[in-house]
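Colleague: Structure incoming, see below.
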Amino acid sequence: MAVGAHNAKVMNRFELTKRLVGQLKHDEAVVGGIGNANFDLWASGNRPQNFYMLGSMGLAIPIALGVAIAQPKRHVVALEGDGSLLMQLGCLATVGMLKQKNLTMLVWDNGIYQITGGQPTASASAADLVAIGRGSGIANAAWAADEDDFDRLVAVALKDGGPSLIVARIDDKPGVGTTDRDPVRIRANFMAGLGVKR
Amino acid sequence: MTGAQTWHEIVLATLKANDVKLVVYVPDRVFTPLIKAIHADGYFTAFSAAREEEALGIVTGAWMGGLRGAVLMQTSGFGTIPNALASLVVPSQIPALIFVSERGTLGEFNLGQAMVCKTMRPVLDSLAVENHTITRLDQLGFIVDRSIKQAVATQAPVTFILSPLLTGGKVFEA
């Protein structure tokens with residue numbers, strides 16, 4: 001286990017996803033990373049401002065950053081797994097450099113590549129994703145100690161004081177739903193949800 | 001575009017003329033004058049990404065949020081983006097504007113660059129991504145301007161490969 005996470009409770013991704021969505025009152029955009037992050041976002045109820053990534057593992061945070069730059073008055077949340085983030089750690093340095101205020105990154109850390117068979121990730125034994133975030137220049141980086149702490153961290157992050165990185169230790173329960181797999185429809189719905197006409 | 005003389009002045013002016021305000025790049029020696037000029041122009045939001053596929057993700061998000069973006073990279077950087085193209089940009093129909101500084105040909109001194117250069121056009125062609133190798137200054141503005149308009153109108157990415165014939169390339173100094 002990552003050293004910084006030793007006091008963090010092991011929670012459930014779907015429960016936390018529902019808690020996140022419950023706090024979204026201003027048509028915030030949510031970019032779901034490939035796999036279970038997406039599946040639980042989908043299962044938490046469809047919102048026009050949700051984008052479900054079907055491929056491009058590791059790019060949830062860069063996509064969310066792009067949305068945040070394009071729409072600085074809208075808060076944008078990226079949902080990403082530990083394996084996905086480990087694939088694209090450099091994006092944290094970019095986020096730390098830009099300091100985009102309306103961006104929140106939620107990372108679900110179960111220490112495994114869950115969808116590919118449960119192989120351990122580096123975060124299971126060594127890599128501390130919060131410390132990596134802080135080291136990348138993201139001052140608002142924290143482990144969620146428990147559900148109440150998660151709610152509090154999300155509430156603060158959504159006030160545009162970011163960028164914020166919130167990492168939650170989660171169990172190995174599979175995702176609850178399965179997303180639609182039509183990328184054009186997903187993209188078009190998302191753009192409509194953001195009020196963008198092409 | 002009046003007064004634009006050099007290749008980088010033409011690219012910058014054409015981006016502006018087409019409302020492309022976001023430029024995300026992974027640096028390249030040959031592109032340095034373009035990158036400097038973009039940074040110096042308050043019209044643009046410009047910054048470096050740690051990796052080329054990350055830059056593609058950023059401009060994808062920006063497009064969906066209503067902001068047009070371009071990415072700049074070197075040939076070797078192109079070698080890192082086929083998955084992002086094939087699983088995000090192409091299937092989602094994102095008009096990403098990709099500028100590649102061509103290394104690996106016309107005097108290349110690094111075998112690694114020469115090999116990765118040979119993969120670039122086959123990858124683009126196999127994904128049916130519109131791509132233009134630009135060699136002539138007098139065609140640059142037309143190709144980039146028309147292709148940006150086509151990319152937006154048809155919701156498809158386009159790649160501009162800027163040849164050493166256009167930019168001068170990177171020269172081996174023994």
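Each value in this text was obtained by applying a stated rule to the coordinates, not by laboratory testing. Here the structure is a predicted model, which is why all the values come from computation and not from measurement. Neighbour counts are summed over all protein chains in view; Cβ atoms, including those assigned to glycine, are modelled from backbone coordinates with ideal geometry.
Colleague: When the Kirkwood radius is taken over all Cα pairs of the protein assembly as shown, what Stokes-Einstein diffusion coefficient follows at 4 °C and 1.567 mPa s, in µm²/s? Please report the intermediate quantities before stating the final value.
Modeller: Numbers: Rh = 21.0 Å.
Once the numbers are plugged in, D ends up at 62 µm²/s.
Colleague: Among B:Met120, B:Gly141, A:Met87, whose Cα lies farthest out toward the positive end of the dipole of the protein assembly as shown, if unit charges sit on the beta carbon of Lys, Arg (+1) and Asp, Glu (-1)?
Modeller: Projecting each Cα onto the dipole axis, the largest value belongs to B:Gly141.
Colleague: What order do you get for B:Glu173, A:Glu28 when you list them from fewest to most C-beta neighbours inside 10 Å? List each step's numbers first, then the result.
Modeller: Values: B:Glu173 5, A:Glu28 19.
Lowest count first: B:Glu173, A:Glu28.
Colleague: Right, something else. Take the Cα atoms of the range B:7-167, find their three principal axes, and give me the spread along each one in whole Å, biggest first.
Modeller: 41, 33, 29
Colleague: Loop only per DSSP, at most 13 neighbouring Cβ atoms within 10 Å: give me the chymotrypsin sites (Phe, Trp or Tyr not before Pro) in the range B:93-165, ordered by residue number.
Modeller: On the way: sites: B:Phe99, B:Phe109, B:Phe142, B:Phe160; in loops: B:Phe109.
Counting only loop positions with at most 13 other Cβ atoms within 10 Å, the chymotrypsin sites (Phe, Trp or Tyr not before Pro) in the range B:93-165 are B:Phe109.
Colleague: In the range A:68-169, which trypsin sites (Lys or Arg not before Pro) are in a loop and have at most 13 other Cβ atoms within 10 Å, using DSSP for the loop call?
Modeller: On the way: sites: A:Lys73, A:Arg74, A:Lys99, A:Lys101, A:Arg134, A:Arg152, A:Lys159, A:Arg169; in loops: A:Lys73, A:Arg74, A:Lys99, A:Lys101, A:Lys159.
Taking the range A:68-169 and a limit of 13 other Cβ atoms within 10 Å, the loop trypsin sites (Lys or Arg not before Pro) found are A:Lys73, A:Lys99, A:Lys159.
Colleague: When we measure straight from the Cα of B:Lys170, which aspartates and glutamates land under 13 angstrom away, once same-chain ones fewer than 8 places off are left out?
Modeller: B:Asp28, B:Glu102, B:Glu108
Colleague: Hey, fewest Cβ within 10 Å first, where do A:Tyr113, B:Tyr43, A:Tyr52 land in order?
Modeller: On the way: A:Tyr113 18, B:Tyr43 12, A:Tyr52 26.
Listed from fewest to most nearby Cβ atoms, that is B:Tyr43, A:Tyr113, A:Tyr52.
Colleague: Here's a follow-up. Kindly provide the trypsin sites (Lys or Arg not before Pro) of the range B:86-174 that DSSP labels as loop, not H, G, I, E or B, and whose Cβ sees at most 13 other Cβ atoms within 10 Å.
Modeller: Working: sites: B:Arg103, B:Lys118, B:Arg136, B:Arg146, B:Lys149, B:Lys170; in loops: B:Arg103, B:Arg136, B:Lys170.
Answer by residue number: B:Arg136.
Colleague: What is the dipole size for the range B:82-173, taken about its Cα centre, with +1 at each Lys and Arg Cβ and -1 at each Asp and Glu Cβ, in debye to the nearest 20? Mind showing how you got there, number by number?
Modeller: Numbers: 7 positive and 7 negative charges, 15 e Å.
Using only the charged Cβ atoms, the result is roughly 60 debye.
Colleague: Something else now. Given the options A:Leu59, A:Pro174, B:Ala17, identify the residue whose Cα lies farthest towards the positive end of the charge dipole of the protein assembly as shown (+1 on Cβ of Lys, Arg; -1 on Cβ of Asp, Glu).
Modeller: Value computed over the given set: B:Ala17.
Colleague: Ignoring everything except DSSP H segments at least 4 long, calculate the 222 nm mean residue ellipticity for chain A; use -39,500 (n - 2.57) per segment, divide by total residues, nearest 500.
Modeller: Dividing the helical sum by the residues of chain A leaves -10500 deg cm²/dmol.
Colleague: Here is the link list: A:Lys197/B:Lys16; A:Lys9/A:Lys173; A:Lys18/A:Lys73; A:Lys18/A:Lys173; A:Lys25/B:Lys16. Which ones come out longer than 25 Å on Cα distance? Intermediate values should be presented prior to the final figure.
Modeller: Numbers: A:Lys197/B:Lys16 20 Å; A:Lys9/A:Lys173 15 Å; A:Lys18/A:Lys73 23 Å; A:Lys18/A:Lys173 15 Å; A:Lys25/B:Lys16 36 Å.
With Cα atoms farther than 25 Å apart: A:Lys25/B:Lys16.
Colleague: Find, to one decimal place in angstroms, the Kirkwood hydrodynamic radius of the range A:58-111, where the mean of 1/r is taken over every pair of different Cα atoms and then inverted.
Modeller: Numbers: mean 1/r = 0.0900 Å⁻¹.
Here the Kirkwood hydrodynamic radius works out to 11.1 Å.
Colleague: Sticking with this one: A:Lys99: which aspartates and glutamates have alpha carbons under 16 Å from its alpha carbon, excluding same-chain residues fewer than 8 sequence positions away?
Modeller: A:Asp160
Colleague: Further, regarding this structure: Roughly speaking, what is the stretch gain from A:Asn7 to A:Arg181, that is 0.36 nm per residue apart minus the C-alpha to C-alpha distance, in nm to one decimal? Numbers along the way, then the final one.
Modeller: Working: separation 174, 0.36 × 174 = 62.64 nm, distance 3.75 nm.
Gain in length upon complete extension: 58.9 nm.
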